[in-house]
Amino acid sequence: MFDTVFLDLPALRAAGGTVRLPGSKSISNRVLLLAALAEGTTEVHDLLDSDDTRVMLAALRQLGCGVEQRADGVTRITGLGGKLKDDARQAELFLGNAGTAMRPLTAALSLLGGEFELRGVPRMHERPIGDLVDALAGLGCEIDYLGNPGYPPLRIHPVAHEGLRLDAPIRVRGDVSSQFLTALLLALPLASARQDVVIEVIGELISKPYIEITLNLLARFGIDVQREGWSRFTIAAGSQYRSPGSIHVEADASSASYFIALGAIAAPTPGQAGIRIEGVGADSIQGDIRFVEAAQAMGAKVESGTNWLQISRGHWPLRAIDLDANHIPDAAMTLAVMALFADGPSRLTNIASWRVKETDRIDAMANELRKLGAQVETGPDFIRIQPLAASTWRAASIHTYDDHRVAMCFSLAAFNPDGLPVRILDPKCVAKTFPDYFEALFSVSEPAAVPVICVDGPTASGKGTLAMEVARQLGYHYLDSGALYRVTGLAMTRAGLTATPEHEARIADMARALPLSFTDGKVLLAGEDVSEAIRTEAAGMDASRVSALPAVRLALADLQKCFRRLPGLVADGRDMGTVIFPDAALKVFLTASAAHRAERRYKQLISKGISVTLDGLRQDLEARDARDMSRSTAPLKPAQDARLLDNSDQTISQSVDQVFQWWEQVQPFEPLS
Ligand code: DC
């Protein structure tokens, strides 16, 4: 997951390969609640691990359910059998921004008999729940608003089942959010011990496919619901939740929309037949799978089988679309970005529910599409988007409104024909449903060019610390090229070789095949942690000697180039900006006076209990500088186009800030406010 302030996606030009998608959020949270209400243990396979499922799991634990997350990825839920234990009749539950937890838990807890407070993040307190509370109150449940009437936070009081008014149908509005009906359908079997429970929907029911998911999963848990059209639902007297024992969660069809769109937009990577999506197929029980039809209408070529989809570019540019998107409200956001690549203006209608989701999605999409340069028109329940011609795209910083779907669908703008990067602010918001979304995107995308920042400088200038911090803040990979020479030196010594011309070819062969990996800040050689071993003074000397052998430098060049991967690289070391990545977008040459560097090294060594003198260190450094600068192979010298940064009197964070200022200067984005 990218836990950075922003993530810059370089321009992408092609895509191909296979992605496995995480489990569906809608199915995951419904299954968790049903397993919690049922008797016995349910093994849930492929459960989504995300913010919304985590708050649900935490709530279920508080309510006394057994929750065991096994190492093999299976989650075991031991349910309540429809009854709360005595020590779980009071709780304060925090439900984040998860509508799929807030709404069904409100209904279930109103019927389970206890004192509960349900809260969420501020945005959750702006998302309506009044229609559900009204329906439950009509039944005889007691629920108070703790903030604004009609919105969470809520307090739920216990009621006796005998007091519930089940003779008349329970009436609920269906035109604001289908989650209200889902919540009632999931919870009301709790009240059906002695008589049928009837629910009537008032007004047009929106997002019907989500109700299909609810009914399908209820059936898996032994509850049959009779439905008359989309307006009347009957739960039979005596219904009881029965665990299916084990259940698989389908991959998220809404998440699939980004990769379906990717296959439709991106030129295929040579040798690949488009994008293969695993975990969900056209026979999915999720309504958003019908996004496939919309994508096909716009030009995508789609093949499908059980649990897989294969997408490639068909009609190009995409065909404009005019669609009533009520049946695919979440996935339709992806169409709004695809519309930028179309041959005319596109219109999505009947999407008023966008305004009460994680954010006001109609306004959010319009604002951000406009930043890319598009002309957009909106109304209470529609959005109309003009496509962008080549040469009219703008490099934009996309605000994501703490809305995972805004972040994911705008990543597709990186396929713009103008070669512009796209900056996604707060990229970690994708954690709501797809924590590794960007990693998955990168795994199938081919960039026009991966940006590189090079940092070089004399020994003890702090270049490693600076480079690592810049990499961390940008979410980029980090290459410590010195470590490669150090590991080669270590491998040489262990093999009984010396850095002499007669051993040069053999050392170079070893360097070419180094079984090396950088994992969790450790350097592993054939699985062995050599992080400490390569940092000794002796290892430094060996590194210095092998690094003077031209054949070794050549052997390590290819290995170093492999580190240039999406979304970007910060590389530190001698010839990064001159030989390995001469096209780096930014080159920094970090210096500090010998006196300052000696003092830093002195503190470092003393803290490790190594006894040295300041004068001695300073003389060593000056001698090493002179040797490094005058040596014939890869001498220490700034690349011609490097920016010099003397950090003698700077803290690390001041140097990092300076590098960021330079970085922004070479980016096409508006400055961050
Ligand atoms: O940065 P460091 O101290 O870990 O580097 C170890 C040795 O390798 C040092 O003598 C410089 C050399 N080196 C090099 O020649 N080229 C690089 N790209 C990185 C390091």
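The values are calculated or read from the model by the stated rules, or taken from the named source; none is laboratory data. This structure is a prediction, so every number in the text was calculated from the model and none was measured. Virtual Cβ from ideal backbone geometry, glycine too; neighbours counted across all protein chains shown. Accessible surface is based on the protein model in full, side chains and every heavy atom, while ligands, DNA and RNA are left aside. Shrake-Rupley method; radii C 1.70, N 1.55, O 1.52, S 1.80 Å.
Run through every distinct alpha carbon pair of the chain and return the Kirkwood hydrodynamic radius in angstroms, one decimal place. It would help to have the intermediate numbers written out before the result.
On the way: mean 1/r = 0.0357 Å⁻¹.
Computed over Cα pairs of the chain, the Kirkwood hydrodynamic radius comes out at 28.0 Å.
For segment 70-214, the alpha carbon positions stretch 45, 36, 33 Å along the principal axes, listed from largest to smallest. Taking the centroid of alpha carbons for each part, segment 413-484 and segment 592-649 are 28 Å apart. In the chain, taking the dipole from charged Cβ atoms about the Cα centre, the farthest positive-side position among A267, L33, L549 is held by L549.
Can you give the charge dipole size of segment 273-374 about its Cα centre, rounded to the nearest 20 debye, using +1 on the beta carbon of Lys and Arg and -1 on the beta carbon of Asp and Glu? Each step should come with its number before you reach the end.
Details: 11 positive and 13 negative charges, 58 e Å.
Magnitude of the dipole: close to 280 debye.
Rolling a 1.4 Å probe across all protein chains gives I321 an accessible area of roughly 20 Å². Histogrammed with a bin width of 5 Å, the alpha carbon distances of segment 95-135 distribute as 5, 23, 34, 26, 11, 1 percent, first bin at zero. Expressed as a fraction of 2.2 N^0.38 Å, the C-alpha radius of gyration for segment 128-234 is 1.04. Taking every protein chain into account, the accessible area of the chain amounts to 40 square angstrom per residue (probe 1.4 Å). Roughly how far apart, in whole Å, are the Cα centres of segment 153-208 and segment 263-310? One Cα centre to the other: 36 Å.
How large is the Rg to Rh ratio of segment 413-463 when both quantities use alpha carbon positions and Rh follows Kirkwood? Working shown, then result.
On the way: Rg = 15.9 Å, Rh = 14.1 Å.
My calculation puts Rg/Rh at 1.13.
With the cut-off at 1.5 for a/c, could you classify segment 336-484 from its C-alpha gyration tensor as rounded, prolate or oblate?
Working: a/c = 2.95, a/b = 2.03, b/c = 1.45.
Prolate.
Across segment 175-191, rounded Karplus estimates of 3J(HN,Hα) from the backbone phi angles (6.51 cos²θ - 1.76 cosθ + 1.60, θ = phi - 60°) give 9, 9, 8, 6, 5, 5, 5, 4, 4, 5, 5, 5, 9, 5, x, 4, 9 Hz, Gly and Pro being marked x. For segment 61-147, the Kirkwood estimate of hydrodynamic radius, built from reciprocal distances between every pair of different alpha carbons, is 14.3 Å. Between the helical axis of 51-62 and the longest alpha-carbon principal axis of the chain there is an angle of about 60 degrees.
When all alpha carbon pairs of segment 513-642 are counted in 10 Å bins from zero, the resulting P(r) reads 10, 33, 39, 18, 0 %. Each 10 Å bin from 0 upward holds the following percent of the Cα-Cα pairs of segment 429-493: 16, 33, 31, 17, 3.
Calculate how large, on average over all directions, the projected area of the Cα convex hull of segment 536-592 is; give the answer in nm² to one decimal. Don't skip to the answer; put the middle values down first.
Details: hull surface 20.5 nm².
Value for segment 536-592: 5.1 nm².
Considering all C-alpha pairs of segment 206-320, those separated by over 18 Å amount to 58%. With one equal scatterer per alpha carbon and no solvent term, the Debye-computed log10 I(q)/I(0) for segment 455-494 at 0.24, 0.31 1/Å reads -0.81, -1.00.
Sorting H404, H596 by accessible area puts them as H596, H404; the probe is 1.4 Å, largest comes first, and only protein heavy atoms count. Against the chain, whose longest principal axis is taken from its Cα atoms, helix 594-607 shows a tilt of about 60°. Considering helices alone, the calculated mean residue ellipticity of the chain at 222 nm is -10500 deg cm²/dmol, with DSSP H runs of length four and up weighted by -39500 (n - 2.57) and normalised per residue.
The H on the amide N of A571, modeled in the peptide plane, is under 5 Å from the matching H of I453, C454, V455, L479, each at least 5 residues off or on a different chain. Exposed loop sites here are GluC sites (Glu not before Pro) assigned a DSSP state other than H, G, I, E or B and surrounded by at most 13 other beta carbons within 10 Å; excluding them, the longest clear run of the chain is 205-531. Assuming charge only on the beta carbon of Lys and Arg (+1) and of Asp and Glu (-1), the dipole of the chain about its Cα centre is about 900 debye to the nearest 20.
Computed with a 1.4 Å probe over protein heavy atoms only, the accessible area of R319 comes to about 90 Å².
Please go through the residue pairs K428/K522; K608/K637; K463/K522; K208/K428 and name each one whose alpha carbons sit more than 20 Å apart in this structure. Can you show the working numbers first?
Details: K428/K522 25 Å; K608/K637 30 Å; K463/K522 18 Å; K208/K428 30 Å.
Exceeds cut-off: K428/K522; K608/K637; K208/K428.
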